[in-house]
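The values are calculated or read from the model by the stated rules, or taken from the named source; none is laboratory data. Keep in mind the model is a prediction, meaning the values are calculated, not measured. A quick note on method: Cβ atoms are made from the backbone with ideal geometry, for glycine too, and the neighbour counts reach across all protein chains shown.
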Amino acid sequence: MKTSNVVARVNEKFCRGCQVCLDGCPFNALRPAGWKVTVDENSCRGCGVCVDYCPVRVISMIQK
Ligand code: SF4
Ligand code: SF4
């Protein structure tokens, strides 16, 4: 399996908890966590799709 050296990171300080991003992840790596969303780094494949899904742009890609 191809692996990536980046993972998604949600800036929880600014996440609104709208969960729009959950529909965008093809690998089900975004998980509701209370009023926020967090990334399951074991499931995230670094595809970057979620970055464009977030209406307030609080998801970014970071080095593992
Ligand atoms: S980078 Fe891709 S796999 Fe990782 S959380 Fe975002 S959409 Fe899902
Ligand atoms: S789409 Fe953005 S604001 Fe909405 S839950 Fe996901 S990370 Fe948070």
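Out of the stretch 34-51, which residues are touching a strand residue (DSSP E or B) at 6+ places or on another chain (Cβ under 9 Å) and over 17 Å from THR3 (Cβ atoms)? Within the stretch 34-51, LYS36, VAL37, THR38, CYS50, VAL51 qualify.
Name the residues in the stretch 13-36 that are buried (at least 17 other Cβ atoms within 10 Å of the Cβ) and touching a helix residue (DSSP H, G or I) at 6+ places or on another chain (Cβ under 7 Å), would you?
Within the stretch 13-36, the first condition is being buried (at least 17 other Cβ atoms within 10 Å of the Cβ), and the residues that meet it are 15, 21, 25, 29-30, 36.
CYS21, CYS25, LEU30 - these are the residues of the stretch 13-36 that are buried (at least 17 other Cβ atoms within 10 Å of the Cβ) and touching a helix residue (DSSP H, G or I) at 6+ places or on another chain (Cβ under 7 Å).
Among residues of the stretch 39-64 that are among the hydroxyl-bearing types (Ser, Thr, Tyr) and assigned to a loop (DSSP other than H, G, I, E, B), those with a beta-carbon under 7 Å from a residue that is within 13 Å of ligand 2 (Cβ to nearest atom) and modelled with pLDDT of 95 or more at least six positions away or on a different chain give the pairs SER43/ALA29. Screening the candidates VAL58, VAL39 for the property of being within 7 Å of ligand 1 (Cβ to nearest atom), modelled with pLDDT of 95 or more, of a type in the set (A, V, I, L, M, F, W, C) and out of contact with any Ser or Thr (no Cβ under 6 Å at 6 or more places or on another chain) yields one hit, VAL39.
Could you please find all residues in the stretch 37-64 being charged (D, E, K, R) and surrounded by fewer than 16 Cβ atoms within 10 Å (Cβ to Cβ)? Answer for the stretch 37-64, where residues must be charged (D, E, K, R) and surrounded by fewer than 16 Cβ atoms within 10 Å (Cβ to Cβ): ASP40, GLU41, ASP52, ARG57, LYS64.
Before we move on, is GLY48 of a type outside the set (Ser, Thr, Tyr) and more than 10 Å from ligand 1 (Cβ to nearest atom)? Taking the combined requirement at face value, the residue does not satisfy it.
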